[in-house]
Amino acid sequence: MMFHLHKELLNESTQNVYNFCKDYKTYTEQWIKSNIVKFCMEKHYLTNQIHERRKTNIDFVIDTVQQESSKAKDNKSNVSAWFELLMKNLTEGLFSEELMETAEVLKITINQETIKNLDTVSQMMIKGLNEEKKSGKPKGYTFEEITGILESLSFNPIENLIRERIGCTEQCPFCGCVCNLGIDCDKTSQKHRVALHRPKGLSGWSHSDSGKLVSSICSTDISTEKTYILPSKFNDEKYRNFKDVATDIPDWEIKTTTGDGPEFWHRLFAMHNDAIAEMNKLKPADIPKGWLEVTEPKALKSLEIMYTDLSK
């Protein structure tokens, strides 16, 4: 699933690519929600499922009415006693509080009108239920309606899928790559880590002297004498050394690497370098010429290798 999310970035707008790099969790949650809702809308999947479930529920009610009617006749119960047992069987953990309140009102009506013919009541109820079952399918739901239906369920499939498939959502404080661990890290015995970091400029990082976006990656910077300022982490404007990251940011494990990262990120940065700089009122990064020559097939192949390595 996450492979497809990254693959789509190759054809996304600059704003979406930047949003993904800056706020991975929010972007991914919205992406998952959007795809679930789209699936539910395809061929009216959710509409058909609700319609079939509705028919099943109506059949259950009809069966219960018939069973309780038979018992009531054997026990020579009156309509009121029959109805009370019927609603007890139908409402125990199966129906909403609102429906139970409606049943109470109906029970009072039955008592007040002193209805005595059990066969008439049960047959009329079954006839009405069968007519309801034959009624047409509901109209197709809109995106907003489907979202509301899914979020109103006691078991929220959107939240469950996000929790199971995203895992840890902490992002590298420099390049913004998300932690690769599929579980929440405790930051001590299980520190955040990323297998392959990306150019920091994709998240808007810039050189303080030139105002240009940064094309280097943090896993190579930690072996240099470079410095950084990170107010969002330390709440100050102090320069710190990349080589001291293990001490200064102990909840992250950033290992030294060589090279400048996967070609997948090279293509994305080359495509959006100018626009990201403009969005942040900065200057475009000085990027290697080779990054401009990375084709989409090459970037896709690089992405496939990234995910193959992660699965090892």
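The values are calculated or read from the model by the stated rules, or taken from the named source; none is laboratory data. Quick caveat: nothing in here was measured; it's all calculated off a predicted structure. Here the Cβ is made from the backbone with ideal geometry for all residues, glycine too, and neighbour counts use every protein chain on show. For the accessible areas, the whole protein counts, side chains as well, though only heavy atoms, and no ligand, DNA or RNA atoms are used. Shrake-Rupley method; radii C 1.70, N 1.55, O 1.52, S 1.80 Å.
Some points to look at:
- Test: Glu237 is loosely packed, with under 13 Cβ neighbours inside 10 Å, charged (D, E, K, R), outside any helix (DSSP H, G or I) and in contact with a Lys or Arg (Cβ under 8 Å, 6 or more places away or on another chain): no
- When the residues of the range 26-54 are filtered to those that are surrounded by 14 or more Cβ atoms within 10 Å (Cβ to Cβ) and among the basic types (Lys, Arg), the one that is farthest from Gly140 (Cα to Cα) is Lys33.
- Single residue of Leu303, Leu292 found to be surrounded by fewer than 16 Cβ atoms within 10 Å (Cβ to Cβ), closer than 21 Å to Cys21 by Cβ and out of contact with any strand residue (DSSP E or B) (no Cβ under 7 Å at 6 or more places or on another chain): Leu292
- Test for Lys76: is it surrounded by fewer than 16 Cβ atoms within 10 Å (Cβ to Cβ), touching a Ser or Thr at 6+ places or on another chain (Cβ under 8 Å) and either more than 30 Å from Thr142 (Cβ to Cβ) or at pLDDT below 85 (or both): no
- Beta carbons closer than 9 Å, at least 6 apart along the sequence or on distinct chains, pair a first residue in the range 158-181 that is outside any loop (DSSP other than H, G, I, E, B) with a second that is open to solvent by 40 Å² or more (accessible area, probe 1.4 Å) and of a type in the set (A, V, I, L, M, F, W, C) for Leu161/Met1; Arg165/Met1.
- Residue, farthest from Leu196 (Cα to Cα), within the range 275-289, restricted to residues that are open to solvent by 100 Å² or more (accessible area, probe 1.4 Å) and not in a helix (DSSP H, G or I): Lys281
- Cβ-Cβ under 7 Å pairs, at least 6 apart or on other chains, the range 224-242 side free of Cβ contacts under 8 Å to residues at least 40 places away in the same chain, far side open to solvent by less than 50 Å² (accessible area, probe 1.4 Å) and of a type in the set (S, T, N, Q): Phe242/Thr224
- Evaluation of Lys298 against the conditions (1) modelled with pLDDT under 95; (2) open to solvent by 60 Å² or more (accessible area, probe 1.4 Å) shows that the sole unmet condition is (1).
- Contact annotation: residue pairs with Cβ atoms under 8 Å, 6 or more positions apart or on different chains, pairing a residue in the range 1-20 that is within 23 Å of Arg163 (Cβ to Cβ) with a partner that is open to solvent by 30 Å² or more (accessible area, probe 1.4 Å) and in a loop (DSSP other than H, G, I, E, B), are Phe20/Glu12.
- Condition check for Arg198: out of contact with any Pro (no Cβ under 8 Å at 6 or more places or on another chain) and in contact (Cβ under 8 Å) with a residue 40 or more places away in the chain: no
- Each residue in the range 199-216 was checked for being closer than 30 Å to Ile162 by Cα and part of a loop (DSSP other than H, G, I, E, B), and 3 pass.
- Residues in the range 121-163 that are at pLDDT below 75, out of contact with any Ser or Thr (no Cβ under 9 Å at 6 or more places or on another chain) and loosely packed, with under 11 Cβ neighbours inside 10 Å: Gly136 only.
- Considering (1) part of a loop (DSSP other than H, G, I, E, B); (2) basic (Lys, Arg); (3) at pLDDT 95 or above, the lone condition that Arg267 does not fulfil carries the number (1).
- The one condition from (1) open to solvent by less than 40 Å² (accessible area, probe 1.4 Å); (2) farther than 30 Å from Arg165 by Cβ; (3) of a type in the set (Gly, Ala, Ser) that Ser219 does not meet is (2).
- Residue within the range 182-198 that is part of a helix (DSSP H, G or I) and open to solvent by less than 20 Å² (accessible area, probe 1.4 Å) present: no
- Residue match in the range 41-52 (condition: aliphatic (A, V, I, L, M) and in contact with a Leu (Cβ under 8 Å, 6 or more places away or on another chain)): no
- Within the range 290-312, the set of residues being farther than 29 Å from Leu181 by Cα and not in a helix (DSSP H, G or I) comprises Glu293, Thr295.
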